[in-house]
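The next block holds one structure in the form of structure tokens; read it before the comments.
The values are calculated or read from the model by the stated rules, or taken from the named source; none is laboratory data. The structure displayed is predicted, hence computed values, not measured ones. Neighbour counts run over all protein chains shown; Cβ positions are idealised from the backbone, glycine included.
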Amino acid sequence: MAGARLRYFDKWDMPVGLFIVIMLALLFSIYCAISLLHSAQKAKEQILERLRKKQMEAKDKKNKELFEQIQMMYDDVKSISKGGFCSFF
């Protein structure tokens, strides 16, 4: 929207009210992106903690097959870096 209001395209002006609305929308979208990243990281940490607990339970019960399956799940979850888990930039 801001680009369409440039004088290069037409002789429109940029009213202060419109500028404020555009800036508020931009700030809100940045806030939402940061909030999503924070929530995704928190969820990932919780899942990894639960998997560690399950893995210790499997180790105590001497269930090697379950221990290895949980280790594979742990590694898969830890390596996720797409979507909400990717870096902000």
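Laid out as a table, the results:
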read-out	value
Selected residue (only one of 64, 78 is surrounded by 11 or more Cβ atoms within 10 Å (Cβ to Cβ) and out of contact with any Gly (no Cβ under 6 Å at 6 or more places or on another chain))	78
Selected residue [among the charged types (D, E, K, R) and not in a helix (DSSP H, G or I)] from 62, 78	62
Residue 87 at pLDDT below 85 and polar (S, T, N, Q)	yes
Search result, residues across region 1-32 that are surrounded by 10 or more Cβ atoms within 10 Å (Cβ to Cβ) and either touching a strand residue (DSSP E or B) at 6+ places or on another chain (Cβ under 8 Å) or at pLDDT below 90 (or both)	2, 5, 6, 12, 14, 15, 18, 19, 22
Residue 47 touching a residue at least 24 places away in the same chain (Cβ under 8 Å) and surrounded by 12 or more Cβ atoms within 10 Å (Cβ to Cβ)	yes
